[in-house]
1. Would you please name the trypsin sites (Lys or Arg not before Pro) within segment 22-81 that are DSSP coil residues with at most 10 other C-beta atoms within 10 Å of their C-beta?
2. Going toward the positive end of the dipole of segment 65-173, with +1 on Lys and Arg Cβ and -1 on Asp and Glu Cβ, which of LEU169, SER152, ALA71 do you reach last?
3. I need the phi-derived Karplus couplings for segment 132-137: 6.51 cos²θ - 1.76 cosθ + 1.60, θ = phi - 60°, integer Hz, Gly and Pro marked x.
4. Taking the 0 to 90 degree range and rounding to the nearest ten, how far is the long axis of helix 139-152 tilted relative to the main principal axis of the chain, both from C-alpha atoms?
5. Hey, with R₀ at 22 Å, roughly what FRET efficiency would ALA85 and ARG188 work out to, going by the Cβ-Cβ distance, to 0.05?
6. Over the chain, what percent of the accessible surface lies on carbon and sulfur atoms, probe 1.4 Å?
7. Taking segment 165-225, which trypsin sites (Lys or Arg not before Pro) meet the DSSP loop condition and have no more than 16 other C-beta atoms within 10 Å?
8. Pull out the extension gain between VAL73 and ARG201, defined as 0.36 nm times the separation in residues minus the alpha carbon to alpha carbon distance; nm, one decimal.
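The values are calculated or read from the model by the stated rules, or taken from the named source; none is laboratory data. What you see is a predicted model, and the numbers here were worked out from it, not measured in a lab. Counting neighbours? That spans all protein chains shown, and the Cβs are built from the backbone with ideal geometry, glycine included. Note: areas computed on protein heavy atoms with side chains; ligands, DNA, RNA excluded. Shrake-Rupley method; radii C 1.70, N 1.55, O 1.52, S 1.80 Å.
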Amino acid sequence: MQRLFLLIATLLLAVLWRADSGHVPNAHPALAMLPLQMAWAWERPEDLRWLPGDAGVAFVASSIMLQGDEALVRPRTARLLMAPATARVPVLHVDMSGREPPALNDVQLQAIVKELLRIAPGANRHVVQLDFEVRRSQRPFLARTVAAIRRSLAPEMALSVTALASWCLDDAWLAEGMADEVVPMAFRMGQQQHELRQRLRWQGFTQPYCRHAAGYATDEPRLRRLAPRSYYFSPRSWTAAQWQALHAPTKVRSP
């Protein structure tokens, strides 16, 4: 029994070490040049000049509201300050109107593709990100949109997409290779948050394509690192103290 326990413990440590090893086995070479620690900068004023040199920023460069037959584009207006050498990933955030449900037509699809291509030159590490949450009935539109983006992007550009945590567990529907990087958001997980956090704590994401990157929130209890690359969301403007607290060693309670 003791030998079995030691074997299980060894295998578990090996899995955790592999997740924390810093090696990201992505096929696209641009992702190999992206830092493993990324701060999400939302549409608000941010001064990130203090960010360590081994960290990068995924910033909302533009937003689109899909409303009825329209795609309303709103480029970023909030000030964003970063050191010149900081790795930058432009993010296109897509929302859908609740008052006027979107038609999800080809015009709207092409508007998303066009806007993502417009912000792509701001990627100094050749990585762009699409942040687009959809309901079950809207998944085919997201799949078509991602496919159209992939066809339109230059080969040297990598496409990262955010995903709900459930899409990387039991509700898996993303196709393998749909994007170069999938970033499941291990926060704001709704009514099943407690159950999902417990599952993630012990088994991580079940889908292999969801194990290269993960997103976390600064205002929720810390999870173990679920993937080599971490994206961090803050509901308020970033500070150096906030970032340092994220990376401080967790305290082990005495028995």
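1. ARG79
2. Farthest towards the positive pole: SER152.
3. 8, 8, 9, 7, 4, 5
4. 80
5. FRET efficiency, ALA85 to ARG188: 0.10.
6. Its accessible area is 57 percent carbon and sulfur atoms.
7. ARG188, ARG222, ARG224, ARG225
8. Contour length minus the Cα-Cα distance gives 42.3 nm.
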